[in-house]
Amino acid sequence: MIKSLLRRVSDSSVWRSIFRTGIPDTDLKRSMLIFNNFFLHIFPAKMKRHGLRFSYTFCLGGISCLLFIILTVTGILLMFLYTPSIERAYFDMQALALVLNGKILRNLHRWAAHGMVITVFLHMVRVFYTRSYRPPREFNWVIGILLLILTLALSYTGYLLPWDQLAYWGITVGTTIMAYTPFIGKHIRYFLLGADEVGHEALLRFYVLHCVVLPFSTALLMAIHFWRVRKDGGISGPL
Amino acid sequence: MDKDQEKTFIKDPNKTYGLMEMVDGTSPMVEKTPEDTVETFPHYFILLTICTLAVTLCLFMISLFFDAPLEDLANPLVTPNPGKAPWYFTGIQELIHYTDKPVIPGIIIPLCIIIWLFLIPYIDREPRTQAGSFLNRVFIGGEKRKVLLVLFTVFILGALVLIVIGELFRGENWNFILPWK
């Protein structure tokens, strides 16, 4: 009864106009389901069995990507409630606790950000120990390292935005270390902060970097990273 | 036929033809060794769904019970003691504490590590020239990459130990403290 109803719905012309493939009851239809769908077409129609083993990948790359998506969604919601100015930023943070679920929104963003630093790093460790960087995947490893650096940069620029003592002095300590660079250290610090000290200019710069420049760069590199995984023959084989 | 397939389909020198392979399956596979593959749908999507739900649920639980820190309003006149960088940089801070030349642990060492990480796949490959073979032996340690394994493991453990010490075991004036006291 339910089965025949399902079949009638999935065979109807409206359903077919949206999803094209009916109930995936044959291998051909299961493949069609994947490459006829915009969101699924980045996946291969077939996968190597060992690549599905949890103990090979620990799903670390996937979890990193999931956390990035969660961070994008919660980040956009937070942008509605936040003003990047030293007069408003901290009090917006306090007011956030009064908004419905505002606190949970910020918690989700914060903990997902810390989580992403950890999972991206562990993903690198996993790829190293499985020796998955060997040809033809050398350059994808390089992109991966760039993504690790971008993840750290994203986390670090976000660290300043609440404009509390933790943020202010965390960024002061970090940028002081950068200023130790020989010859150009002072200039790097000035370029990043827009002033000699952490202030309004720094907050605005970090906000734009955190919400626009770095997420877009990360998304672009992620797209190339995934695309190359497919082009290099899917997930790497066992040692 | 590539190398892999020649290994599977061993040619009999006395014959001009050979049985390739009889495979149970639902797709026509001609002139290809049998692959150990499964359909992405549903095999992979089950894993994907479970993993997504588990991570999202864990994150929600953590966010319900642990609040993100929010200290007092930023004040340039009140320096906290100790002033700490975000946790992933406290390892560098801890290293800087040991030296009076902060440029070495603060800039040079991290930069060297990044460059080294970039170079790993370009050194750990089948050496083609004599120089390549020399580099491979010194930096990788041959086919079993013993040198590289040791170096990388030292890097991870070192980073971990330094971060834990810098984040948890350092108090006022960067003196050693026990976090549970």
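Taken together, the values in this text are just the output of simple stated rules run on the coordinates, not laboratory data. What you see is a predicted model; the values in this text were computed from it and never measured. Methodologically, a virtual Cβ is constructed for each residue, glycine included, from the backbone with ideal geometry; neighbour enumeration extends over all protein chains shown.
List of remarks:
- Highest GNM mean-square fluctuation among A:170, A:61, A:158, for chain A modelled with Cα contacts below 10 Å: A:170.
- Tail beyond 29 Å, pair distance distribution of the protein assembly as shown (Cα, percent): 58 percent
- Spacing of the two label points (7 Å from each Cα toward its C-beta) at residue A:23 and residue B:36, in nm: 3.3 nm
- For the stretch B:87-174, the residue among B:103, B:164, B:139 whose Cα projects farthest onto the positive side of the dipole built from Cβ charges is B:139.
- Percent of alpha-carbon pairs separated by more than 17 Å within the stretch B:42-181: 75 percent
- Given charges at beta-carbon only (K, R positive; D, E negative), |dipole| of the protein assembly as shown in Debye: 1060 debye
- Cα gyration tensor shape of the stretch A:159-205, rounded if a/c is under 1.5, else prolate or oblate by comparing a/b with b/c: oblate
- Evaluated with a Cβ-only charge set (Lys, Arg +1; Asp, Glu -1), chain B carries a dipole of roughly 780 debye about its Cα centre, given to the nearest 20.
- In this simple spin-label model, placing a label point 7 Å from the Cα along the Cα-to-Cβ direction at both residue B:100 and residue B:15 gives a separation of 8.2 nm.
- Size descriptors for the stretch A:94-151: radius of gyration and Dmax over Cα atoms are 16.9, 53 Å.
- Comparing A:90, A:129, A:82 in a Gaussian network model of chain A where C-alpha atoms under 10 Å apart are linked, the largest mean-square fluctuation is found at A:129.
- Centre separation in Å (Cα based) which lies between the stretch A:200-239 and the stretch B:111-173: 24 Å
- Whether the stretch A:174-239 is rounded, prolate or oblate, judged on the alpha carbon gyration tensor where a/c under 1.5 counts as rounded: prolate
- Taking 0.36 nm per residue of separation and subtracting the Cα-Cα distance, full extension of the segment from residue A:6 to residue A:187 would add 58.6 nm.
- For chain B, a Gaussian network of Cα nodes joined below 10 Å ranks B:40, B:16, B:49 by mean-square fluctuation, and the top entry is B:16.
- Here's the picture: charge each Lys and Arg Cβ at +1 and each Asp and Glu Cβ at -1 in the protein assembly as shown, and of A:185, A:172, B:149 the one pushed furthest to the positive end of that dipole is B:149.
- Dipole axis of chain A (+1 Lys, Arg; -1 Asp, Glu on Cβ), positive-most option in A:123, A:207, A:70: A:123
- Net charge dipole, the stretch B:87-174: roughly 460 debye, given to the nearest 20, about the Cα centre with Cβ charges of +1 for Lys and Arg and -1 for Asp and Glu.
- Average Cα contact separation per residue, chain A, under 8 Å, 6 or more apart, as relative contact order %: 21 percent
- Translational D in µm²/s for the stretch A:58-231 (Stokes-Einstein at 37 °C, 0.692 mPa s, Kirkwood Rh from C-alpha pairs): 189 µm²/s
- Here the sum of -39500 (n - 2.57) over DSSP H runs of 4 or more residues, divided by the residues of chain A, equals -21000 deg cm²/dmol at 222 nm, to the nearest 500.
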